[in-house]
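The values are calculated or read from the model by the stated rules, or taken from the named source; none is laboratory data. Bear in mind that the values here come from a model prediction, so they are computed numbers and not experimental data. Please note: Cβ atoms are built from the backbone with ideal geometry, for glycine as well, and neighbour counts cover all protein chains shown. The protein model used for the area step is the full one, side chains on, heavy atoms only, and it has no ligands, DNA or RNA in it. Shrake-Rupley method; radii C 1.70, N 1.55, O 1.52, S 1.80 Å.
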Amino acid sequence: MTVIPYDVLAHEAWARLAQAADDPTHPMRLFLLATVDADGLPDARLMVLRGAGRRLGKIWFYTDRRSEKVEQLRKRPELCAVTYDCRDGVQLRLRGAATIHELDSEAAQHWSHTSTVVRALYASPYAPGRPLRLPDPRLMTIKHALDAGAEAVARQNFAVIETLVQTIEWLQLKDDDQRRAILYASTGWAVQPLAP
Ligand SMILES: Cc1cc2nc3c(=O)[nH]c(=O)nc-3n(C[C@H](O)[C@H](O)[C@H](O)COP(=O)(O)O)c2cc1C
């Protein structure tokens with residue numbers, strides 16, 4: 001396993017994020033996204049990374065606008081997102097400020113790149129997390145085709161969580177080697193080594 005030198009951490013972190021957003025098999029495609037709920041308590045869930053770009057310093061997730069996390073981020077738009085590359089033991093912890101895009105041009109641009117399977121996730125008449133009196137078999141299968149009506153509903157429910165990343169914390173752990181550092185957007189991702 002290679003240990004990444006400090007001087008290339010910014011390049012390495014953003015390269016991994018961009019690759020993960022493009023490659024469904026990349027281990028860093030899956031993030032734990034943490035928010036704060038209405039009672040000030042922590043909440044977290046797994047999310048697929050859908051985009052990352054160093055030039056804008058942003059990452060993007062897709063979700064349903066009716067979901068709890070969107071409500072939470074509207075009230076308190078700070079988030080923390082953590083991912084792990086099991087191939088060489090690298091953890092990335094990103095902190096930033098979220099903007100929710102729904103029916104604007106940004107959401108439209110992301111929507112135009114989504115597959116039918118992704119679109120179908122947003123076509124449910126029920127808000128995610130809504131209690132059901134009985135399990136509904138129609139809600140248990142992800143659809144692979146949508147008629148125009150269902151697609152229009154899905155589009156209404158689709159939201160993009162755009163995050164302006166403020167810090168990236170890098171941690172690589174290996175038996176006899178460990179490195180921790182923080183990279184700040186405000187300094188152009190200059191690397192500040194930290195005690196692991
Ligand atoms: C592997 C995996 C990937 C997931 N990806 C997403 C995703 O990209 N967007 C999303 O909204 N929910 C995703 N989910 C579901 C969330 O983890 C969560 O259960 C759901 O969004 C409701 O969260 P909330 O009630 O906090 O809003 C995923 C779940 C798993 C297990």
What residue among ILE142, ILE100, ILE161 has the largest mean-square fluctuation in a Gaussian network model of the chain, using Cα springs under 10 Å? ILE142
Within the accessible area of region 7-67 (1.4 Å probe), percent carbon and sulfur: 53
Which residue fluctuates most in the GNM of the chain (Cα springs below 10 Å): ARG76, ARG95, ARG87? ARG87
With runs of 4+ DSSP H residues as the only contributors, calculate the mean residue ellipticity of the chain at 222 nm using -39,500 (n - 2.57) per run, divided by the residue total and rounded to the nearest 500. -6500 deg cm²/dmol
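Counting Lys +1, Arg +1, Asp -1, Glu -1, what net charge surrounds THR83 among other residues with beta carbon under 15 Å of its beta carbon?
Values: positive: ARG16, ARG29, ARG45, ARG50, ARG87, ARG93, ARG95; negative: GLU12, ASP22, ASP23, ASP85, ASP88, GLU169.
Net of charged neighbours comes to +1.
THR114: net charge of surrounding residues, Cβ under 11 Å, Lys/Arg +1, Asp/Glu -1, itself excluded? It would help to have the intermediate numbers written out before the result.
Values: positive: ARG50, ARG119, ARG155; negative: GLU151.
That works out to +2.
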Return one whole number: the accessible area per residue of region 108-196 in Å², for a 1.4 Å probe. 61
For LYS75, the lysines lying under 21 Å Cα to Cα, once residues fewer than eight places off in the same chain are dropped, come out as LYS58
Most fluctuating residue of ALA148, ALA181, ALA108 in a GNM of the chain with Cα springs under 10 Å: which is it? ALA148
Binned at 5 Å from 0, what are the whole-percent values of the Cα-Cα distance distribution for region 137-183, short to long? 5, 12, 12, 12, 9, 7, 7, 11, 13, 9, 3, 0
For the chain, what is one quarter of the convex hull surface built on the Cα atoms, given in nm²? 13.0
What number comes out for the charge environment of ALA181, summing +1 per Lys or Arg and -1 per Asp or Glu over other residues with Cβ under 13 Å away? 0
Segment TYR6-ALA195, extension gain: residue separation times 0.36 nm, minus the distance between their alpha carbons: 66.7 nm
Give the carbon-plus-sulfur fraction of the accessible surface of region 118-189 in %, rounded to a whole number; probe 1.4 Å, heavy atoms of protein chains only. 56
